[in-house]
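Take a look at the structure below.
The values are calculated or read from the model by the stated rules, or taken from the named source; none is laboratory data. Here the structure is a predicted model, which is why all the values come from computation and not from measurement. Cβ placement follows ideal geometry from the backbone for every residue including glycine, while neighbour counts extend to all protein chains displayed.
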């Protein structure tokens, strides 16, 4: 899955630590998501979307082969 | 940690604090064990070790910050990999050692039999845990 979390975070002028604190996960988790190394749970995906006031599908996109 | 009344700290600060408490308790467990054992109190040493270890485990289970979903996913993947490795070893070693011994080719040392037996127990426990988890869903 690809995502635009880093772009949304940069637009919001937030650090990874700020976003991590906002959605109650570790900074490493945010870093892993942004590097496409970890796909978050649905719950966390919705939390991120709520935080950035956008839709989950604005943040996450399924990779097609 | 320990409920919501101490959650005035942000999640990252709580995570750092709870990890320090966890590490400290493990350190104390080791220190107490070796120190008390050294001064000739082996039973008290084991008691103190268990006490600190139980406290450390309690921190993990009561803290809402020490592990997040990625930590739990990592733990699941690591456990899965470990079980797969043990399974592969068991598949090769259990019948292999028996066949080699019966053919008078190689007699494995008793410790290797113990290892295979221990791995077998791991799989029995895995099966019991699997059945329990399945019954809960």
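Quick notes
- Enumeration of residues in the stretch A:1-19 that are farther than 18 Å from residue B:69 by Cβ and in contact with a strand residue (DSSP E or B) (Cβ under 6 Å, 6 or more places away or on another chain): A:2
- Residues in the stretch A:3-19 that are within 19 Å of residue A:46 (Cβ to Cβ) and assigned to a loop (DSSP other than H, G, I, E, B) were compared, and the one that is nearest to the other protein chains (Cβ to nearest Cβ) is A:14.
- Within the set B:65, B:45, B:32, the sole residue that is modelled with pLDDT under 95 and in contact with a helix residue (DSSP H, G or I) (Cβ under 9 Å, 6 or more places away or on another chain) turns out to be B:65.
- Of the criteria (1) surrounded by 14 or more Cβ atoms within 10 Å (Cβ to Cβ); (2) touching a residue at least 12 places away in the same chain (Cβ under 8 Å), which one residue B:37 fails: (2)
- Test: residue in the stretch A:24-32 that is in contact with a helix residue (DSSP H, G or I) (Cβ under 7 Å, 6 or more places away or on another chain) and on the phi > 0 side of the Ramachandran plot: yes
- Subset tally (residues that are within 14 Å of chain A (Cβ to nearest Cβ) and part of a helix (DSSP H, G or I)) for the stretch B:60-77: 9
- Per this entry, residue B:32 is counted among residues that are in a helix (DSSP H, G or I), more than 17 Å from residue A:28 (Cβ to Cβ) and free of Cβ contacts under 8 Å to residues at least 60 places away in the same chain.
- Residue satisfying condition, being free of Cβ contacts under 8 Å to residues at least 60 places away in the same chain and farther than 30 Å from residue A:22 by Cβ, within set B:68, B:107, B:10, B:18: B:107
Here's the yes/no breakdown for (1) free of Cβ contacts under 8 Å to residues at least 24 places away in the same chain; (2) surrounded by fewer than 14 Cβ atoms within 10 Å (Cβ to Cβ); (3) farther than 30 Å from residue A:30 by Cα; (4) more than 15 Å from the chain's Cα centre (by Cα):
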| position | (1), (2), (3), (4) |
| --- | --- |
| B:43 | yes, yes, yes, yes |
| B:50 | yes, yes, yes, no |
| B:64 | no, no, no, yes |
| B:91 | yes, yes, yes, yes |
| B:127 | yes, yes, yes, yes |
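- Of everything listed in (1) in contact (Cβ under 8 Å) with a residue 12 or more places away in the chain; (2) more than 10 Å from every other protein chain (Cβ to nearest Cβ), the single unmet condition for residue A:49 is (1).
- The residues of the stretch A:20-46 that are out of contact with any strand residue (DSSP E or B) (no Cβ under 9 Å at 6 or more places or on another chain), more than 9 Å from chain B (Cβ to nearest Cβ), over 20 Å from residue B:18 (Cα atoms) and in a helix (DSSP H, G or I), listed by number, are A:31, A:42, A:46.
- Filter result for the condition that a residue is surrounded by 15 or more Cβ atoms within 10 Å (Cβ to Cβ) and under 29 Å from residue B:129 (Cα atoms), over B:59, B:54: B:59
- Residue among A:39, A:11 that alone is surrounded by fewer than 13 Cβ atoms within 10 Å (Cβ to Cβ) and either in contact with a helix residue (DSSP H, G or I) (Cβ under 7 Å, 6 or more places away or on another chain) or free of Cβ contacts under 8 Å to residues at least 60 places away in the same chain (or both): A:11
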